[in-house]
Structures are given as structure tokens and as C-alpha cells.
Amino acid sequence: MNEKERSGVASQPCSENATPEPTPQLKAEFVGLRDDDLVTTREQIRSESYEIVVSEDASMKPPDVENQINNARLRNFRDRYEVEFLALLRTCEFEYGFDSLADAFVETRLRESTFVTMHWIGLLFFEHLDDPAVTIGILRVLAHLKYEQACPLGISIAIAATRLPNHEVQECGIRAFENWGTPDSLEVLEGLTFSEAWLQEYVNQVVEDLRSQLVASHAG
């Protein structure tokens, strides 16, 4: 049984307010993620220009102009919102089944630009891998999004979380897939193994529950 059931609460092209379905290659790449890969990913993000495509008619503009627009939008988000968002992630009272101030903050940013918001959150996650308060907060927020909103970056973040050494971060990564409850979520969880017995028992139980739910939904 997933979080929503316990509490009683809560393939399209990329555009300003749409994100693509994850590809099998994406899932395969991140399921096999190692600790060294996370370090490499973080260093690449810190050292490279983080370019995103948010325009539906990007092909009509020269790539350098489009990249300047994309980077300007991302810089704007970072300048205007980053300090406040990090403070919320570190201080919010997160309770499963209830929206937090951080959830409301992200929902507002998503209405401004889904694509920029998700890429910004991805940046923050990989820049703060050594700060569990931030990574856990981001995972709690992502778990409350619809799967279509979180895909594909949110899914990649949750998979990466299951490979980090902090057990609470790992648990939050699992819980995000439990809450999304999609066939893709089940496929990812089936490929996870943990050295900690309680985490392995937890993921095994989630896999069993999701299989039952998906079978029942197809039968209905």
C-alpha cells in the first residue's frame, strides 16, 4: 500500500509544461549507478554550463540564442528563489500525506515553468549530495508530484538517491517510487538491492504491494 492509500491524500514532447516519458535507456543507466558515478555527475554539473530547452519552437532560433535564453531563465530562478528554497528544505516539517511549505513553493515555481523548475531542482540535488537535509527535502517534494511532472529528472534523482550512503536518503528514494506507483516505478524497484536488511525488506514489501496494485488495476 502506498503513501496516498495510507493517508487518504494525495509520451509527449518536452515543452514549457510537459516532460517526456522515461526511456528504457534512462532507467538502465541510473539503476546501475555507482557511488563514483554520482561524484562524477556532481562535478560535471558544477563545472559545465547547464543548458535546458524550454521553448516549443526552439528550432526557429539559433542554438546560441536559445541557450542564452535558457541559461538566463535558470539564473533568474537561482537568484530569486534559491536561498528561500534551501531554507525551506532545511527547516520544513515534512509529514507524509500532507503538503509542506516547500511543496507549495515548488508548485508555484512549476506554474512559472515546469521545465526550468525541474532542472533547477536537479542542480540543487546534485550540488548538495553531502547535505541530507536538502536531498531528503527534495525527495519529499518530488514524491508529492505526479509522475508525469517528475519525469524524467525527478525519476533520475530518486534512483540516484537509492545509491547514496545515507539510509534515510535511500528510504526517501524508495518511497518516491512507492508513491508514484507506476509500472516504471515497479521496474526500477525490482532492480534495487541493499546491504541493510531493513531497507531490503522495505523495498521487497513495496515491490510486492505495487505488483498487486498494478495487477488489480489491469484486471479492473
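The values are calculated or read from the model by the stated rules, or taken from the named source; none is laboratory data. This one's a predicted model, so the numbers in the text were calculated from it and none came from an experiment. Here the Cβ is made from the backbone with ideal geometry for all residues, glycine too, and neighbour counts use every protein chain on show.
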When both residues are 6+ apart or on different chains and their Cβ atoms are under 9 Å apart, which pairs have a first residue that lies in the range 182-203 and is modelled with pLDDT of 95 or more, and a second that is of a type in the set (Gly, Ala, Ser) and buried (at least 20 other Cβ atoms within 10 Å of the Cβ)?
Ser185/Ala158; Ser185/Ala176; Val188/Ala158; Leu192/Gly173
Note on the range 98-111: residues part of a loop (DSSP other than H, G, I, E, B) and among the polar types (S, T, N, Q) are Ser100
Just checking, does the range 87-104 include any residue being at pLDDT 85 or above, closer than 21 Å to Pro165 by Cα and among the small types (Gly, Ala, Ser)?
no
Restricting attention to the range 36-69, and to residues there that are at pLDDT 55 or above and of a type in the set (A, V, I, L, M), which single residue is surrounded by the fewest Cβ atoms within 10 Å (Cβ to Cβ)?
Val65
Might you let me know whether the range 70-84 holds any residue that is at pLDDT 75 or above, among the hydrophobic types (A, V, I, L, M, F, W, C) and crowded, with 16+ Cβ neighbours inside 10 Å?
yes
